[in-house]
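Only one structure is covered here, and it is reproduced in the block below.
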Amino acid sequence: MTGTEGKFMDGRIWDALVDSMKSAYTAGLEQGAVPRPVIMPLVRGELVGLTWVRPIKTGEDALTGIAQLSNIAAAAGADEVVLAWETHDVATACELPLVGPAPCLNMVHATREGHVLHQFPYDEEVLARSPEGGSFVAPDWQPGPAPQPGGELALPIQAAVNYSFIPMDMDHPNPFGVTVVLMEEDGYKVRLTETFAY
């Protein structure tokens, strides 16, 4: 699906999103934690922005918090979404079994018609150890499996994909702007591109 013609994102945007996520993982791991799950909705091939999940508690709250990433996509009327998450991080937060390689950066590109799962496994390469006993690591990216059309997604990621394409029923002149404000108030980190700034 990535690289489809017409209104959907072209390969250069996909490559830029992959590079951006890999850079974020490198920076995050150096600080001791992978980035939180993030959604990147697109409208007619244009990136709306990035929204990272709010601080979540283990269990039901994590499942709900990740699924609710879809609100931003639904409010924007997204044609397609990209979600990125780390296998072990989401499984642990949501108390779910591991699905797929770990550690691994997962990115799913989805439209109403279906999704393609892309996986970028890595080994954690120890760069240095801190006096307190912690370590500074960097991802050593490994060859991953081929893109998987319809690949199995973690439960809350699948929910976020599904809900992203259900139109939001909100009686307000600017449902997108209201959704952004409400999500930010809930602790989601929202970064919009200039085109979609409200």
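The values are calculated or read from the model by the stated rules, or taken from the named source; none is laboratory data. Keep in mind the model is a prediction, meaning the values are calculated, not measured. Note that we place each Cβ from the backbone using ideal geometry, even for glycine, and neighbour counts take in every protein chain shown. Side chains are part of the model used for accessible areas, which takes the heavy atoms of the whole protein and leaves out ligands, DNA and RNA. Shrake-Rupley method; radii C 1.70, N 1.55, O 1.52, S 1.80 Å.
Here are the numbers:
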| item | result |
| --- | --- |
| Whole-percent pair-distance distribution, where bins are 5 Å wide, for the alpha carbons of segment 48-114 | 3, 15, 24, 25, 20, 11, 2 |
| For segment 38-108: relative contact order, % (alpha-carbon pairs under 8 angstrom, 6 or more apart) | 34 percent |
| Cα-based convex hull, segment 20-71, per residue volume (Å³, whole number) | 83 Å³ |
| Percent carbon-and-sulfur accessible area, the chain, ignoring ligands, DNA and RNA, probe 1.4 Å | 52 percent |
| Over the chain, relative contact order from alpha-carbon pairs under 8 Å, at least 6 apart, % | 24 percent |
| Under 14 Å from the THR193 label point (7 Å along Cα→beta-carbon), backbone N, segment 10-54 | 10-18, 20, 40-51 |
| Over the chain: Kirkwood hydrodynamic radius from C-alpha pairwise inverse distances, Å | 17.2 Å |
| VAL180 accessible area, assembled protein chains, probe 1.4 Å, Å² | 0 Å² |
| For segment 1-117, the spread of Cα positions along each principal axis, largest first, Å | 40, 28, 23 |
